[in-house]
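**Student:** Here's a structure for you.
The values are calculated or read from the model by the stated rules, or taken from the named source; none is laboratory data. Quick caveat, the model's predicted, so the values are computed rather than measured. Ideal geometry is used to build each Cβ from the backbone, glycine not excepted, and the neighbour counts take in all protein chains shown.
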Amino acid sequence: MSLTVVGSIAYDTVRTPFGERQRMLGGAATHFALAASFFDEVRPVGPVGDDFTDEDLAILATRGTSTDDVERVAGGKTFFWEGEYGWDLNSRETIDTQLNVFETFQPKLSAAARACDVLFLANIQPQLQLDVLEACDGPRFTAMDSMNLWIDIARDDLVKVIERVDCVILNDAELRQLTEKPNLVSAAREVLKWGPSVVVAKQGEYGAALVTGESFFALPAYPLETVVDPTGAGDTFAGGFVGWLAKNAEDTPSDAALRQAMAYGTALASYNVEEFGMERVTRLTLDEVHDRVEAIRDLTQFTVEVR
Ligand code: AMP
């Protein structure tokens with residue numbers, strides 16, 4: 001079993017009220033891979049420049065992730081993103097985005113990457129997501145993420161991707177922007193009409209909501225008192241969610257499986273934000289992940305008497 005992911009592999013400069021990191025390892029595919037590697041063999045697809053260090057490639061390879069489909073572009077520069085958070089960490093401003101090697105990248109997937117049984121299209125240009133979707137042999141489950149930038153400048157391509165995947169994982173505000181529906185449930189139901197059978201709305205510190213044709217489920221975030229850097233929380237959630245499904249679910253995951261996957265995504269995302277970048281998830285253990293899922297289960301037990 002294997003899980004192919006395409007998305008940014010990046011250097012990030014991040015400022016939060018707790019400090020700053022210059023050009024640390026980041027990227028949507030990187031955060032996703034670090035989380036999903038607990039559950040499956042992950043194959044990130046994407047380019048890096050000659051500025052990308054062997055140490056960072058080794059971090060991407062954590063827990064057996066294959067870096068065979070990471071292409072080093074001679075003379076090129078790695079994707080760069082710079083962001084700054086407000087005092088309560090709920091608002092974030094993008095200061096700079098440089099696509100660099102992603103601007104002209106044409107994916108050439110290895111046979112192993114094409115033969116994946118689960119595919120995740122992490123955040124990157126929708127055209128590139130489409131190219132990778134086309135190249136794969138027919139994964140049994142496909143999921144995707146995106147962001148406001150691509151809704152603004154490449155909406156038509158983005159809709160083409162959405163029409164072809166099983167599961168869409170987007171921020172709450174992005175779902176509303178994409179569908180032009182101010183109400184989250186209507187926005188999710190609109191996306192379900194376009195083709196996918198599962199929509200996950202990420203809601204930052206408030207958790208995530210799961211919408212399918214038949215059901216609605218919401219899970220709060222794990223209540224942390226200290227959040228240091230929220231960068232990559234969404235991708236780490238997606239890595240836990242999709243990775244858990246890749247290992248444990250049927251081709252068409254049941255509601256019970258989707259809810260369990262939500263708990264794993266939530267647990268992994270909560271660890272990610274405790275430190276900058278990949279620092280915490282790189283040295284995380286599966287026992288710690290299970291412990292936090294147990295804690296989430298204990299915290300959210302809800303029985304109500306109707307009388
Ligand atoms: P998140 O905090 O989950 O939204 O993800 C943050 C990660 O997304 C960072 O590590 C960035 O490198 C990456 N990122 C930021 N902007 C883009 C973009 N336009 N396309 C692809 N990845 C991006």
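**Student:** Any residue in region 255-270 that is buried (at least 22 other Cβ atoms within 10 Å of the Cβ) and under 22 Å from residue 56 (Cα atoms)?
**Tutor:** Checking region 255-270: at least one residue is buried (at least 22 other Cβ atoms within 10 Å of the Cβ) and under 22 Å from residue 56 (Cα atoms).
**Student:** Moving on. Restricted to region 155-190, and to residues that are crowded, with 19+ Cβ neighbours inside 10 Å and of a type in the set (Asp, Glu), which residue is nearest to residue 138 (Cα to Cα)?
**Tutor:** In this case the residue turns out to be 166.
**Student:** Being part of a strand (DSSP E or B) and within 14 Å of residue 263 (Cβ to Cβ) is the filter here; which residues of region 197-223 pass it? Write out each step before concluding.
**Tutor:** So in region 197-223, the residues part of a strand (DSSP E or B) come out as 198-202, 208-212, 216-219.
Correct list: 200, 208, 209, 210, 217, 218, 219.
**Student:** Can you pull out every residue in region 119-154 that is away from the ligand (no atom under 14 Å from the Cβ), among the charged types (D, E, K, R) and surrounded by fewer than 16 Cβ atoms within 10 Å (Cβ to Cβ)? I'd like the intermediate steps shown before the answer.
**Tutor:** We begin by selecting, within region 119-154, every residue away from the ligand (no atom under 14 Å from the Cβ); these are 119, 130-131, 133-143.
Adding the requirement that they be among the charged types (D, E, K, R) leaves 131, 134, 137, 140.
Scanning region 119-154 gives 134, 137, 140.
**Student:** Can you pull out every residue in region 75-88 that is surrounded by fewer than 19 Cβ atoms within 10 Å (Cβ to Cβ), more than 17 Å from residue 30 (Cα to Cα) and within 13 Å of the ligand (Cβ to nearest atom)?
**Tutor:** So in region 75-88, the residues surrounded by fewer than 19 Cβ atoms within 10 Å (Cβ to Cβ) come out as 75, 77, 82, 84, 86-88.
Now narrow it down to the ones that are more than 17 Å from residue 30 (Cα to Cα): 75, 84, 86-88.
The answer is 84, and nothing else.
**Student:** Restricting attention to region 229-247, and to residues there that are near the ligand (Cβ under 9 Å from one of its atoms) and assigned to a helix (DSSP H, G or I), which single residue is nearest to residue 168 (Cα to Cα)?
**Tutor:** 238
**Student:** If you take the residues of region 1-45 that are outside any strand (DSSP E or B) and more than 13 Å from the ligand (Cβ to nearest atom), which of them is surrounded by the most Cβ atoms within 10 Å (Cβ to Cβ)?
**Tutor:** Here the answer is 36.
**Student:** Considering only region 130-183, how many residues are farther than 18 Å from residue 212 by Cβ and of a type in the set (Ser, Thr, Tyr)?
**Tutor:** Qualifying residue count for the region: 1.
**Student:** I need a count of the residues in region 234-254 that are of a type in the set (Lys, Arg) and crowded, with 24+ Cβ neighbours inside 10 Å.
**Tutor:** Filtering region 234-254 down to residues of a type in the set (Lys, Arg) leaves 247.
Now narrow it down to the ones that are crowded, with 24+ Cβ neighbours inside 10 Å: none.
Summing the residues that are of a type in the set (Lys, Arg) and crowded, with 24+ Cβ neighbours inside 10 Å in region 234-254 gives 0.
**Student:** Can you name the condition, by its number, that residue 226 falls short on among (1) within 16 Å of the chain's Cα centre (by Cα); (2) at pLDDT below 95; (3) part of a loop (DSSP other than H, G, I, E, B)?
**Tutor:** Every listed condition holds for residue 226 apart from (1).
**Student:** Additional query: Considering only residues that are within 16 Å of the ligand (Cβ to nearest atom) and without any contact (Cβ under 8 Å) to a residue 40 or more places away in the chain, which ones fall in region 98-112?
**Tutor:** The initial filter retains those residues of region 98-112 that are within 16 Å of the ligand (Cβ to nearest atom), namely 98-105, 107.
Selection gives 98, 99, 103, 104.
**Student:** Could you tell me which of the residues 305, 250 is within 24 Å of residue 168 (Cα to Cα), assigned to a loop (DSSP other than H, G, I, E, B), free of Cβ contacts under 8 Å to residues at least 12 places away in the same chain and more than 13 Å from the chain's Cα centre (by Cα)?
**Tutor:** 250
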